[in-house]
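What follows is calculated from the coordinates using simple rules that are stated; it is not laboratory data. In this text, all values refer to a predicted model and were calculated from it rather than measured experimentally. Here the Cβ positions follow ideal geometry from the backbone for every residue, glycine too, while neighbour counts run over all protein chains shown.
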Amino acid sequence: MLTVDLDKAIELIDMAIAERGEDYVYPKKNACTNVRYERHYDYETHGYVYTMKEADCGVGLGLALGGIDLDLLLAKNESSATETAVYLFEKGVATFTAEAVDFLAYFQLNQDKQRPWGEAKEKALKGLVYHGLSRGYASYGDRPSEHEDAFN
């Protein structure tokens, strides 16, 4: 089972960034696909046959690099990071702290605004501070001016 606290979530995103680069820009605007695939319908088996599956968005890639099976990620394709985390928890393959889910969700939000992954990670970290959710850096509801751009 994959246990994802904030440090692990950051590590997963760092692994995704290491694979694609800090300047990588996810090409799909306002949509995150955990797994990119090609498939065709097999009329003999009456089901889809996948000819290619690979982790796609930053969250999906990070989770796959952390050991989550692509078929599980494919089941929640085009879902939010939060929905994916809940699904993986319900399937008994991963647990997530609230901070980890928030970080992954903020990363996904910034990635989907077509920011380079390095910048998306930094904005996700600022988002945690901005909302006072991470390690006591700010009390909940504080709006430190240096973090006001976390979601813009």
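Annotations
- Sorted by Cβ neighbour density within 10 Å, fewest at the top, the residues Thr33, Thr84, Thr3, Thr95: Thr3, Thr95, Thr33, Thr84
- Distance in nm between pseudo-label sites at Thr82 and Asp7 (7 Å out along the Cβ direction from Cα): 2.7 nm
- Inter-probe distance in nm under a simple model that places probes 7 Å from Cα toward Cβ, at Glu122 and Val93: 3.4 nm
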